[in-house]
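These notes are about the structure you will find just below.
What follows is calculated from the coordinates using simple rules that are stated; it is not laboratory data. Keep in mind that what you see is a predicted model, and the values were worked out from it rather than measured. Please note: Cβ atoms are built from the backbone with ideal geometry, for glycine as well, and neighbour counts cover all protein chains shown.
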Amino acid sequence: MKRLGTGGWVILALAAIYFIGPLVLTVIFSMWEGRGHYGFDSYVTLLQRPNIVSSLVISVELSLATCAALVVLLVPAMVFMNLYAPKLRPVFEFIAALPFVVPAIALVAGLSALFTGPEWLIGTPFYLVIPYFFLALPYAYRAIDVGIRALDLATLTEAGLSLGADLGQIIRLVVLPNLRTALVGSTLLTLAVVMGEFTFANVLLFHTFAVLINEVGQNAPTEAAALSTLSFLITWLAMAGVLLAGRRGGVQLSGAR
Amino acid sequence: MATIQARGVSKSYSGKTVLAKLDLTMGDGELVCLLGPSGCGKTTLLRIIAGFITPDAGQVLVAGQDVTPLPPSARRMGMVFQSYSLFPNMTARDNVRFGPRVGGVPAAEQISRADRLLEMVGLAAHKDKYPHQMSGGQQQRVALARALAVQPQVLLLDEPLSALDAKVRAQLRDEIRRIQRETGVTTVLVTHDQEEALSISDRVAVMNEGRLLQVASPAQIYREPADGFVARFIGAAAVLSGVTEDGAVRVGNLILQADGARQHAGGQPVDLFLRPEHVRLEKMNGHIPPGAVGADVGDTTFFGSLTRIRLKLHDHADSAGLWADLPSEQAEQFVAGSRVLARWDASAPRVISRN
């Protein structure tokens, strides 16, 4: 392998500063207590807020529910499309790209007009799973598509069918385990999207973690910085957890030796 | 184990006929090769037998039962694919026990069956390896064991050796034959490799353009090809076009000895097929005796123990010629450009009508 030259190191350093600099400054600012003093006051105040745990729990629950919806709806749909209707691929690509071009505020308006039921869902934060599904769709679709293309899905399915398995067994025992890496990627992206989503939750009056960050930021800037730091930590911990879970019993998809 | 019958099976795609009212019967415990060039319909026929393609017309019967309406999962057929198709997330043993597992066989029986079959294909020591940890030949053996684990009535092999290198292909070919004989399972093998088909089969079914041209033993296919396509497709043969004349074939000014010409009326346009192993060569000493033809030695191709010599016939306007396969030591005396006499037994050529 070629060695990284001086130019390469400079580019890497600049990239690291670009990504890490704002984080470090946010952490420093979150610990600022005024007059040159630094400490954990803003963190203590923040954790004493009555709604922090509830909003965090809502966001985590919404993330998990959105991930589940994507696995249950999107994966089988993509498997069926690849196996039986590959001509529909452009349609899938178009639908998956739509959330990128429709502004969030327009999506909220459309969602409120279209999804007016069922009753048991409308009044709860889980109503947000519907728009979050679409928000995460472009990222999840792309990650799962890459995984499916790496598999010889048609032959594996035919092999399973010839051995007496039905399509459900093939998806559960063969396709999903071999999409582990793709599903981990899709889950990470969905987690990041849902944990940071503000517009939908704010307009529809649900008190998620992102809404709380905005609220705190209006009147307590150091607490907002502390909350952002905590938010980063929580998201990263979740991602690390998903990555570890995905790596355990990890699957090699390379061909023959 | 069971017989397989394809009765009047037809299939077209966008108006193009892929299979045309094809009838084929495979006997109990028989290994039949579907052989033909790319696009001849052999894989389509195999996939219709497997249930992956629905025929436009006709039936597939296994042990006398019509399986045409059954889905692949209900047909009890083991299938081995060209591209290995092992499940990447499972070890060799888990791959082999997949069929029994989804079929509701008790776990202990699944494992003992998988271990027994892995032993049979010589991979008992590799049972805990994942597909990516095995070579192509090993993966294809596991695929074979996996197909046998469902105790199929019929084994379908879709070009199982074509992705392997020559040495492994020859080894695995012998192994497939051995295992097929041991298990006695009726087997259909699709291939475009004539050497593979001739060496492994009980019978070979030669196909072209969606039709069966000849179904016979490998020896019969080689020695008595039913038509010009089979004669050209199977093995090497010189093809000389002419007309029959008094128990011989006239090709231009040449009269070529061929007993087969007697089966045709005089003046009939025919093709004369002559295998290179039937041609003998002598150095020319001035005249051409009856029953021999004069030729110039052309290119030679070295095959190890044999050398194939291309011959340009004298007194023949076209560039048509013969081939002669000689032991390599003997072939060295015939250098390019030298003049030779070519002979063959009159019973050797196959004469096939061009009408």
Quiz item: Angle between the Cα long axis of helix A:153-162 and the longest principal axis of chain A, 0 to 90 degrees, nearest 10?
Solution: 50
Quiz item: Under the rule of -39500 (n - 2.57) per DSSP H run of 4 or more residues, summed and divided by the residues of chain B, what mean residue ellipticity at 222 nm is obtained, to the nearest 500 deg cm²/dmol?
Solution: -7500 deg cm²/dmol
Quiz prompt | Cα-based equivalent ellipsoid, region B:213-355: semi-axes from gyration tensor eigenvalues, Å | solution = 25, 20, 12
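Give, to the nearest whole percent, the P(r) tail of region A:1-112 beyond 26 angstrom, counting all Cα pairs.
Result: 61 percent of Cα pairs exceed 26 Å.
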Quiz item: If R0 is 45 Å, what FRET efficiency do you get for B:ASP174 and A:LEU4 from their C-beta distance, rounded to 0.05?
Solution: 0.30
Quiz item: Between the helical axis of A:209-219 and the dominant principal axis of chain A, each derived from Cα atoms, what acute angle in degrees is found, rounded to the nearest 10?
Solution: 20
Practice problem: From zero up to wherever the largest Cα-Cα distance of region B:164-220 sits, split into 5 Å bins and tell me the percent of pairs in each. | Solution: 4, 16, 27, 25, 16, 10, 2
Quiz item: With Rg and the Kirkwood Rh both taken from Cα atoms, where does Rg over Rh land for region B:274-337?
Solution: 0.94
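What number results when the radius of gyration of the protein assembly as shown, computed over Cα atoms, is divided by 2.2 N^0.38 Å? The partial results should precede the final answer.
Working: Rg = 35.5 Å, N = 612, 2.2 N^0.38 = 25.2 Å.
For the protein assembly as shown, the normalised Cα radius of gyration comes out at 1.41.
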Exercise. For helix B:107-120, report the angle its Cα long axis makes with the longest principal axis of the Cα atoms of chain B; keep it between 0 and 90° and round to the nearest 10°.
Key: 20
Practice problem: Quote the convex hull volume per residue of region B:91-197, based on C-alpha atoms, as a whole number of Å³. | Solution: 97
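Suppose we look only past 26 Å in the calculated P(r) of region A:51-246. What percent of the Cα-Cα pairs does that tail hold?
Result: 40 percent of Cα pairs exceed 26 Å.
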Self-check item: Gaussian network model of chain B, Cα within-10 Å springs - most flexible of B:GLN194, B:GLN139, B:GLN333
Solution: B:GLN333
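Taking Rh as the Kirkwood radius, which is the inverse of the mean 1/r over Cα pairs, what is the Rg/Rh value for chain B? Can you show the working numbers first?
Numbers: Rg = 24.7 Å, Rh = 22.9 Å.
Value, to two decimals: 1.08.
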Quiz item: Which whole number gives the average count of other chain Cβ atoms within 10 Å of the Cβ atoms across peptide B:80-91?
Solution: 6
Quiz item: What is the mean number of Cβ atoms from other protein chains located within 10 Å of the Cβ atom of each residue in peptide A:164-171, rounded to a whole number?
Solution: 5
